[in-house]
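Have a look at the structure below, then the notes.
The values are calculated or read from the model by the stated rules, or taken from the named source; none is laboratory data. Everything numeric here is computed off the predicted structure, so don't read it as measured data. All Cβ positions, glycine included, derive from the backbone under ideal geometry; neighbour counts span all protein chains shown. These accessible areas exclude ligands, DNA and RNA; they are computed on the full protein's heavy atoms, side chains included. Shrake-Rupley method; radii C 1.70, N 1.55, O 1.52, S 1.80 Å.
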Amino acid sequence: MPIMPTEPVLGRLVRGGVGGLASGAVFAGVTMWFASTMPDGKAEMPLRMMSTIVKGSDAMAAGTTSIGLGVATHLVLSVAFGLVFALVVPMLATNGTVALAGTLYGGLLYVVNFLVLASLVFPVFQNANQPFELFAHIVFGTILSFFFYGSGVRKDEAFASLRAPRRQAQTR
């Protein structure tokens, strides 16, 4: 079996960090837009909710949440999630598997963040619109996956292709 080329760990971590940052920015923007469309909704509410991760769940009721701290918390977590995904990427042989894995990873993040952690530690997140949060997390993971297209073992694979790949003749 031929040895597949891999991307150096540092290169993958940079892709993961940048991808997490960019995906997190899109995630925050879409979530803020959605919050602003709700009755009595305020665009900053998701950021205030994020700040309760650091300030504690009582900060929302006490009115001591912080938009800036929410932004910082969200970006740090987005980068961290991107770095974790970067460690999995070498196992994915095609751009298609990277996209699928990224999408599933976003769904997994939703399950861990909203169905597990929110119910145990961060009750303020239970007030969020759950179907929208699932959608936003899936978008996060899918966008994150695009930062790994054409890297490592997928180096020679086209970013996107409209025709099926040619099959190699089998030798006996």
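What do the square roots of 5 times the Cα gyration tensor eigenvalues come to for the range 1-104, in whole Å, largest first, as semi-axes of the equivalent ellipsoid? Each step should come with its number before you reach the end.
On the way: eigenvalues 243, 45, 18 Å².
They are 35, 15, 10 Å, listed largest first.
Which value, to two decimals, describes the C-alpha radius of gyration of the range 63-157 once divided by 2.2 N^0.38 Å?
Details: Rg = 15.1 Å, N = 95, 2.2 N^0.38 = 12.4 Å.
Normalised Cα radius of gyration, the range 63-157: 1.22.
So what is the relative contact order of the range 49-156, in percent, for Cα pairs below 8 Å that sit 6 or more residues apart?
Working: 100 pairs, mean separation 34.5, N = 108.
Dividing the mean separation by the residue count of the range 49-156 yields 32 percent.
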Keeping all protein chains in the complex and leaving out DNA, RNA and ligands, what accessible area do you get for M91 with a 1.4 Å probe, in Å² to the nearest 10?
150
Full-stretch length increase - N129, M91 - with 0.36 nm per residue and alpha-carbon distance subtracted
10.3 nm
If you average the alpha carbon positions of the range 121-149 and of the range 1-63, how far apart do those two centres end up, in angstrom?
8
For the range 22-28, what does the Karplus curve 6.51 cos²θ - 1.76 cosθ + 1.60, with θ = phi - 60°, yield as ³J(HN,Hα) per residue in whole Hz, taken in order and with x for Gly and Pro?
5, 5, x, 5, 4, 4, 4
Work out the FRET efficiency for A61 and T37 from their Cβ-Cβ distance, taking R0 = 22 Å, and round it to the nearest 0.05.
0.35
Pulled fully out, how much extra length does the chain show between V76 and V9, if you take 0.36 nm times their separation in residues and subtract their Cα-Cα distance?
22.1 nm
